[in-house]
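Notes to accompany the following structure.
The values are calculated or read from the model by the stated rules, or taken from the named source; none is laboratory data. From a predicted model like this one, the values you see are computed outputs, not experimental measurements. Cβ placement follows ideal geometry from the backbone for every residue including glycine, while neighbour counts extend to all protein chains displayed. The accessibility values were calculated without ligands, DNA or RNA, using every heavy atom of the protein model including side chains. Shrake-Rupley method; radii C 1.70, N 1.55, O 1.52, S 1.80 Å.
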Amino acid sequence: MDFEAREANALRDLMVRGASSQAEGEAASTHALIQLIEEAGLAPFHARLEGMVAHANLWSVQPEAATADAAATLRQALSLHHKVWALNRELRVIEGRLAADPNEEDAASLADIQTQLSTLDGTEAALEGFGAMSGRANRVL
């Protein structure tokens, strides 16, 4: 997963390194991860992320969330991330073609991609039973 923010990419790399350095079957502790974040100079970025989570009410990324719910959230976020990146690549190609040779077919494709991108904005998990492991209502979001 690639991010636009340099700090996000650095944090991702740090978390992967931290997880891979743990002994097999041993989970990385929150304290050890926080220490790695501070040593890497990413504490201000981490604090901003925590503030965003608090304001967004993203319970599935809180420490008390069940691992299965956190994993489902991560899988969906990754899937949405890939889809948005692919749509943006396609958008740039169509915009280039339209600049060189305006036509109705590409204009319609451009409008379709823009609609898809706006539809994806704010998409949440739509999984049967999502949240049940964390004691949340068993419903489809």
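Miscellaneous remarks
- Of all residues in region 3-16, none that is without any contact (Cβ under 8 Å) to a residue 24 or more places away in the chain and exposed (fewer than 12 other Cβ atoms within 10 Å of the Cβ) has its Cβ atom under 7 Å from the Cβ atom of a residue that is part of a helix (DSSP H, G or I) and acidic (Asp, Glu), 6 or more apart or on another chain.
- Candidate set: region 94-117, residues that are of a type in the set (D, E, K, R), assigned to a helix (DSSP H, G or I) and open to solvent by 60 Å² or more (accessible area, probe 1.4 Å); chosen: the one nearest to Lys83 (Cα to Cα): Asp112
The rows are residues; the columns are (1) modelled with pLDDT of 85 or more; (2) more than 15 Å from the chain's Cα centre (by Cα); (3) not polar (S, T, N, Q).
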residue	(1), (2), (3)
Asp69	yes, no, yes
Leu78	yes, no, yes
Ile94	yes, yes, yes
Thr115	yes, yes, no
Glu128	no, yes, yes
Met133	no, yes, yes
Arg136	no, yes, yes
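- Options Leu78, Leu74, Leu91; residue that is aliphatic (A, V, I, L, M), part of a helix (DSSP H, G or I), open to solvent by 60 Å² or more (accessible area, probe 1.4 Å) and in contact (Cβ under 8 Å) with a residue 24 or more places away in the chain: Leu78
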